[in-house]
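For reference, the structure discussed in these notes is given below.
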Amino acid sequence: MTEDPTPRPWKVRGGKSTPPTPRGAAPSGTVPASLARRHQSFQWLFLLPALADTVTLALSGTLAYLLRTSTLFEVDPYLRNPGQYLLMLGVAVALWHLLLAWRGGYANRLLFFRIDELQLQFSTSLILLIVLMAGTFLYREYDYSRLILFFSWGFFVLLGSLGRQVSHRLREAIHRRGWARRAVLLVGKGERRRLLATRLRENPGLGVRLLRLPPGASLVDFLAVTPVDELFLFSDRVAYENIWALRERSCNPDLVVHLVPPFGNLYLRNLTGGFFDGTVMISLDSPLARRWMLTAKRAIDAVTAALFLILFAPLLLLLAVLVRLDSPGPVLFRQRRVGMGGREFTILKFRSMYVEADPYAVTPTDRADPRITRVGAFLRSTGLDELPQLWNVLVGEMSLVGPRPEMPFITAGYTPLEAKRLQARPGITGLWQVYARSSHLPIHHHIEFDLYYIENMSLSLDLMILLDTIPTLILRTGI
């Protein structure tokens with residue numbers, strides 16, 4: 001798979017492109033019908049998440065009804081009316097699809113992180129809950145249980161993330177077979193372009209087919225004869241008339257043009273700014289200046305860790321017994337790691353490898369690694385080996401969500417940019433664990449995940465990562 005080299009300059013005069021047509025290129029407007037149909041095939045992939053949402057909504061409503069009408073609650077006979085709740089479920093499903101489509105939730109786009117998708121789902125589910133609550137007050141034919149509505153929302157928040165992950169895996173399986181891929185062209189040069197090309201190669205499940213601009217070819221004429229779905233322009237000198245010409249001459253009327261600015265390495269997600277007299281202004285603040293958020297985050301960590309240690313005590317005891325019976329050696333694995341501010345601490349995990357294994361060797365990238373024990377393979381794939389780190393969270397050495405804690409010999413060689421990951425408490429889970437771990441690469445190969453988290457740290461981001469960690473554990477994507 002190759003991508004285009006540094007493109008030749010192209011010009012636009014009077015709203016029309018003027019560079020010569022490359023040798024061997026077909027005239028504009030002569031795109032074969034088969035290509036025009038092929039490049040649109042990925043547009044139907046929105047049906048996968050739509051189906052997942054429908055199934056999880058139906059399951060959530062059913063579970064909520066069964067829970068509310070169970071012996072756990074006092075049940076009035078009037079409440080047992082499956083017909084009315086089936087009607088409400090049908091309305092909820094229809095409203096969900098309308099709301100999500102209106103808010104762009106079914107748009108086909110490249111998804112490196114699912115965080116934005118999760119936040120859109122969560123906020124849309126709140127809107128749906130409010131609309132349904134209001135509807136139950138206006139509907140006079142039956143007095144619905146608001147508790148069932150609330151239970152349904154809670155189940156959907158949890159199950160919806162799992163359903164979406166399943167739909168993403170189905171989509172990735174389709175893409176890995178070479179089906180329904182979108183044509184992508186990268187134009188420009190520099191480290192940002194090389195990084196994006198690398199990420200696209202590393203993730204064939206994204207369904208991208210990288211195109212190459214022939215040497216000496218005109219970008220405008222290339223788009224006129226080649227169906228391109230998404231164009232990435234790595235340049236800080238892009239005029240509106242040039243973008244207009246690209247879209248006008250493209251044989252694909254649905255062409256999406258991405259303008260990648262020169263400051264793309266800031267890992268920014270939440271931007272504020274404005275537009276004044278032709279000038280775009282972008283504003284950003286320091287995440288470490290959000291002191292109220294950091295204080296609330298630490299309080300939530302301490303309370304949640306203490307609660308989970310109590311609730312999971314039987315499970316922790318069972319896992320400790322299994323580890324001890326499976327192979328000789330200590331139950332817990334201890335290792336020195338570097339936390340916030342460069343302070344070292346001892347991280348705790350259930351031992352998943354034989355005691356003879358070097359504790360500071362390269363992390364396994366395959367479940368068949370001979371260093372991993374039988375029980376260890378299960379613990380690592382489900383993430384249960386991380387449960388003892390709740391103690392690290394309780395005492396303030398770690399957080400529930402944050403960058404992964406690295407070993408001292410790795411942090412000793414950090415560049416000033418990489419050292420910024422030490423500005424936050426390391427986490428049990430985080431972007432690397434949820435999104436990069438399944439690619440089977442070491443932690444330090446995806447340090448941009450941690451920098452992204454630090455720049456955009458917030459309680460809502462933590463919540464989305466925690467929600468997406470649950471299906472990651474269920475689907476056993478770890479090594």
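The values are calculated or read from the model by the stated rules, or taken from the named source; none is laboratory data. The structure presented is a predicted model; accordingly, all values stated were derived computationally and were not measured. Note that we place each Cβ from the backbone using ideal geometry, even for glycine, and neighbour counts take in every protein chain shown.
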So Ala299, is it within 14 Å of Leu387 (Cα to Cα), assigned by TED's automatic domain parsing to the domain that holds Leu390 and not aromatic (Phe, Trp, Tyr): no
Condition met for Asp358 (part of a loop (DSSP other than H, G, I, E, B), within 29 Å of the chain's Cα centre (by Cα) and closer than 28 Å to Glu418 by Cβ): no
Set Ser152, Ser60: member being in contact (Cβ under 8 Å) with a residue 12 or more places away in the chain and under 28 Å from Ala173 (Cα atoms): Ser60
Candidate set: the stretch 385-409, residues that are farther than 25 Å from Leu311 by Cα and in contact (Cβ under 8 Å) with a residue 60 or more places away in the chain; chosen: the one nearest to the chain's Cα centre (by Cα): Pro405
Unmet criterion (only one of (1) surrounded by 12 or more Cβ atoms within 10 Å (Cβ to Cβ); (2) within 26 Å of Gly207 (Cα to Cα); (3) at pLDDT 70 or above) for Glu3: (3)
Exclusive hit being in contact with a Lys or Arg (Cβ under 9 Å, 6 or more places away or on another chain), more than 21 Å from Tyr452 (Cα to Cα) and at pLDDT 90 or above, set Leu384, Leu390, Leu400, Leu379: Leu379
From the options Ala183, Ala173, Ala224, Ala217, residue that is more than 30 Å from Met88 (Cβ to Cβ) and within 20 Å of the chain's Cα centre (by Cα): Ala173
Filter result for the condition that a residue is closer than 21 Å to Trp432 by Cα, in contact with an Asp or Glu (Cβ under 7 Å, 6 or more places away or on another chain), of a type in the set (A, V, I, L, M, F, W, C) and surrounded by 15 or more Cβ atoms within 10 Å (Cβ to Cβ), over Leu379, Leu348, Leu387: Leu379
Failed item, numbered, when Val395 is tested on (1) modelled with pLDDT under 90; (2) over 14 Å from Gln335 (Cα atoms): (1)
Members of the stretch 329-373 found to be at positive phi and touching a Leu at 6+ places or on another chain (Cβ under 6 Å), listed by number: Gly342
Within the stretch 255-277, tally of residues that are at pLDDT 65 or above and exposed (fewer than 13 other Cβ atoms within 10 Å of the Cβ): 9
Leading residue by the ranking (surrounded by the fewest Cβ atoms within 10 Å (Cβ to Cβ)) among those in the stretch 407-417 that are at pLDDT 85 or above and of a type outside the set (Val, Ile, Thr): Pro416
1 or more residues farther than 30 Å from Thr472 by Cα, more than 28 Å from the chain's Cα centre (by Cα) and modelled with pLDDT under 85: qualifying helices (runs of 4 or more DSSP H) within the stretch 22-129: 33-38
Val375 being over 26 Å from the mean Cα position of the chain (by Cα), in a helix (DSSP H, G or I) and in contact (Cβ under 8 Å) with a residue 12 or more places away in the chain: yes
Qualifying residue in the stretch 199-207 (condition: assigned to a helix (DSSP H, G or I) and in the same structural domain as Tyr85 (by TED's automatic domain parsing)): no
